[in-house]
Amino acid sequence: MAPEATQAGLSEEEWAVLVRGLGRQPRPAEALMAGVLWSEHCSYKHSKTTLRSFPTAGGRVAVGPGENAGVLDIGGGMLLAAKIESHNHPSAVEPFQGAATGMGGIMRDVLSAGARPIAFLDALFFGPPGEATDDWLAHGIVAGVAHYGNCVGVATVGGLTRFDEAYARTPLVNALCIGIAPMDGLLRSSAGPVGSKLLLIGAATGRDGVAGAAFASRETSQDEATRPQVQIGDPFQGKLLVETVLELAEKGLICSLGDLGAAGITSAAAEMAARAGRGVRIDLSAVPLRENGMTAAEILLSETQERMLACVRVEDEKAALAICARWGLPAAVIGTVTEEPTFHASLDGAVACAMPIAVLSGGAPLSALSEMGGQRTPAAPPKDILAAVMDLVGSAAFPSRRQVFEHFDDRVGLRTAVGPGGEAALLRVWEASATVAATVTARPRLVAADAFSGAAETVLEALRRLAAVGARPIGITDCLNFGDPDDAAVASDFVGAVRGIAQVATVLSVPVIGGNVSFYNGRPGQPILPTPVVGMIGLVDPAIDVAALRRAKAEGSLFLLGRAEGGMAKGLPPGPDVDAEARLAEEVIGLLAEGVAGFVKTIGHGGLLAAALGLAADSRTGLRLVTPEGADRSGVWCGEGGPRYLFAAPQGAEERLRHAAGRAGCEMWRLGTIGGDAVLIDGERAATVENLVARRGARLWGTGVRA
Amino acid sequence: MSRFGVRVLVSLKPGVRDPEGQAISEALPGIGVEGVADVRAGKVFDLTIEAPDAATAREKADVAARRLLANPVLETFELEMDRS
Amino acid sequence: MRAAVCVFPGSNCDRDASHAIREATGVVAPLVWHTDVARVRADLWVLPGGFSYGDYLRAGALAALSPAIDAMRRHVNEGGLLLGICNGFQILVEAGFLPGAFQSNDVLHFTARDVFLRVARTSSPFLSLYREGEVIELPIAHGEGSYQMGDDEASRLGATHHVALQYCDGAGRVQPEANPNGSVDGIAAVTDATGRVLGMMPHPERNAEPLFGTADGQRIFQGALGTVRRGVGRGA
């Protein structure tokens, strides 16, 4: 195999495809560019075929997958852009900057649609607390998320923090960003007319992360020698970029916009050209540089953060540069859009690249993954109730995540009606007279037991969370975190999980508007748990009194709506009953809109027991609970899977709740009363309020600084 | 005109609270460094100054330090001329 | 009554301040780029929260060198009102409008949460609609919020400046357990001797509407602009 192929990260087959596509041997820069653009991270070569099964159109979709972010019409003349993305591998090596640059990258993707970023949600997965390396990773990642989000002024309004041995030394950092734009402010990333200019806006280019995308396509080992050039985020520049770009967009000076993420100028320019069926001619000497002596390949592939590529009409060039100067951002015209669909780049007159756009962008040979049949692994059967209580309360899942989200500004922007810690985040979009709901969910252990059902349950949990705040889903963005796709079991899980998400999304008529795939997560030979993360966006029913929802307290009696037993009582995830879920969700929204009940909890990991114990701890109250007559005790309290909701409501609400459950084809049980100083189940003392509150407030990590 | 290197060392005045220094000194035993009685965290600025002579360069650095680099309420500073 | 919000590179609570002023008083407060400030007349200027200049060097240190600061000095000397919120407070301190200096929070990380505050003094226009000793609730969101004073500054308390708000518990007790960042004497806000310059670390604009609960922050803006309306501030 040609050594240049290995150096560029291309397989023998890929090298042959490249040579054929060019009709000649590649120039050095061309080989490196193909190597990066055809890497897993950039090309989705292993996953593209599978992802085609997602429903992506219809409803409120203004822009589906394929652009930098998906865009939904939320009414009132406003659009909402959203996308979730991972930054796992860089965070495993340099947690602070890895997490920070992950936030910056997803924010710029949303900005590329012409949308003002208004919120972040983060799904974080760490090894168990107490292990020095994992604690260091967790501290760094949380600090990095905080550093970027707080400084750039975008509120972090939700997320999740999970611990599992499977993520030891191989953390996952998935960041979801939401932005809003007026209808006529939508920007695409398809290049403008022939002759229009390519304007590079933002930080001066250095050698950051050269070939970082290719690096993400090989599993991590933690030693110093493999530590590559790590990208450094600069949220101050990021903020200037947001304001500059939005002003340019508002003044109609931008034809199209792309973010410079993986593979920098190469991918941004190539994608912009590909979408328009045009080409680009770039003069690399015009790129503002931070370092001396950079080669053409380095300039083309640099992943210096806080840069965007704008396509600007010739007549608007001067005005655009003036606005960039006013905001204090470097900006330079580096090229032109050409009719001939070629990527042409030269440095000081020497041609570095002259490749057909079609070869560069979309030229990567795809490989399809397949699902193996019958691979269902029974989950551990639930123990007796009191033992289950001890496990839950003693686990790392029980302490409040406030100690994490306290690092994040959740209110900048004044849009946060409900912030972190609730069932879902609620954001005011007064421009549209609407309230948007957003949540992220993940059930990796269920997916490991059965990929299809576990992934389906992940989507359904998000549906329930939205219903619990009176919202109906309008779009999904997914982040699929898996191990090495060449491992047949990993590939099978991937295909099964996609199938599960696709099935539920299709039946619910909720489109997948975009997302991200991250492979090769895990330590060599030991992949992570299959971890599909679902981000779901919804609109709150206009009849909901959001202020009342905020104030709702757990008082009166406790009711269970839905199935008595969680579907996983027998050790396997249930097949999803999407119709029943949809009907019950609708009833829950109705109950909230009528003000019948204000306090709802969804039931997820740890089943009804976890929901009840969490409620007791957060409300600082005891509970007197009774198993519904005739139901299997362990199925009721420890079973997972729905459709099920826990309601706290005055006794007088009982009939209305029963009626709502009946309309959804489900049942309602009165579980007991709220009060006292302990949680009692069928008369047995399961936990004291004092102990629950203490465990809820327990520190997950020590407070020492680790060098 | 020549170029002169001036290093500005900014430190906290004695007695000023230093939670960062304290956290660092508490963390050191954790990496096997015992017996560190105290840590005070400060800042270093390396200025490359164009001036006709060293004295002028030093004076410029002094102004920069007094008016910007050090906060007079809590910090003091020292200047070190680069010998090379 | 005119109000305006000064925007530095990196300010990010500017829109919020303007929004809150409009919700609380009906006054439209434009966002003004810091180099344009001298061209705009207002009775109340707001230096908003955020990370001006990325908090480089020290929070507020670089913004304090902006030409806008000279305009603010003239504004105050002519009887105008000046409100610094969070980063704005840090800028006022770096620029010498108010004494003291900021350091990292005790916990060494950014902290976003609600706090109780005791109103220590009401003789400033900003605080005129509160009662002395009243306990209010506002959110904080900062990493360098620990307010410290040099020895000579602390001794001039009451002469050159006054404590306006202090972190306290729900019952109004100013004590260490209620102090979120290690500020000396639990100081959360300070006015100059005239009361027309207020620096506060908590964010009044984030609790200035009924949706957010008590709306305790409203009266900061209503007091300031109401005072002007009654002609107590500078002339028309």
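General observations
- Gyration tensor verdict on the stretch C:3-229 (Cα atoms; rounded if a/c is under 1.5, prolate if a/b is larger than b/c, oblate otherwise): rounded
- Once the chain from A:Arg551 to A:Arg620 is taken as fully extended at 0.36 nm per residue, the excess over their C-alpha distance is 23.3 nm.
- The overall shape of the stretch A:227-317 is oblate: from the C-alpha gyration tensor, with semi-axes ordered a ≥ b ≥ c, the ratio a/c is 1.5 or greater and a/b is no larger than b/c.
- The mean sequence separation of alpha-carbon pairs under 8 Å and at least six residues apart, normalised by the residue count of the stretch A:1-143, gives a relative contact order of 14 percent.
- Paramagnetic reach from B:Arg67 (point 7 Å along Cα→Cβ, amide N under 19 Å) across the stretch C:48-73: C:57-58, C:60-73
- Net length gained if the chain between A:Glu291 and A:Trp136 were fully extended (0.36 nm per residue, minus Cα distance): 52.7 nm
- Nearest-20 debye value, the stretch C:3-229 charge dipole, Cβ charges on Lys, Arg, Asp, Glu: 580 debye
- Kyte-Doolittle mean at least 1.0, axial Cα span of 27 Å or more - DSSP H helices of chain A: A:488-508
- Ignoring lysines fewer than eight residues from A:Lys83 along the same chain, the ones with Cα atoms less than 21 angstrom from its Cα are A:Lys45, A:Lys48, A:Lys239.
- Rounded to 5, the percent of DSSP beta bridges in chain C classed as antiparallel: 60 percent
- Mean shadow area of the stretch A:552-701 over all directions, Cα convex hull, nm²: 9.3 nm²
- Cβ-Cβ FRET estimate between C:Ser155 and B:Leu28, R0 fixed at 41 Å, reported to 0.05: 0.65
- Average beta-carbon neighbours from other chains, 10 Å sphere, peptide A:403-416: 6
- Legend: mean number of C-beta atoms from other chains within 10 angstrom of residue C-beta atoms, peptide A:233-240, equals 4.
- Take each residue of peptide C:102-111, count the partner chain Cβ atoms within 10 Å of its Cβ, and average: the result is 6.
- For A:Leu392, A:Leu558, the sequence from fewest to most other C-beta atoms within 10 Å is A:Leu392, A:Leu558.
- Ranked by the mean number of other Cβ atoms within 10 Å of their residues, highest first, the peptides A:495-503, A:314-322, A:183-191, A:356-364 fall in the order A:495-503, A:356-364, A:183-191, A:314-322.
- Between the beta carbons of C:Asp36 and C:Asp169, assuming R0 = 41 Å, the FRET efficiency works out to 0.40 to the nearest 0.05.
- When the Cα gyration tensor is reduced to axis lengths a ≥ b ≥ c, the ratio a/c is 1.5 or higher for the protein assembly as shown, and with a/b not above b/c it is classed as oblate.
Bear in mind these aren't lab numbers, they're just calculated from the coordinates by the rules spelled out. Predicted, not measured: the structure shown is a model, and the values here were computed from it. Every residue, glycine among them, receives a Cβ derived from its backbone with ideal geometry; neighbour counts consider all protein chains shown.
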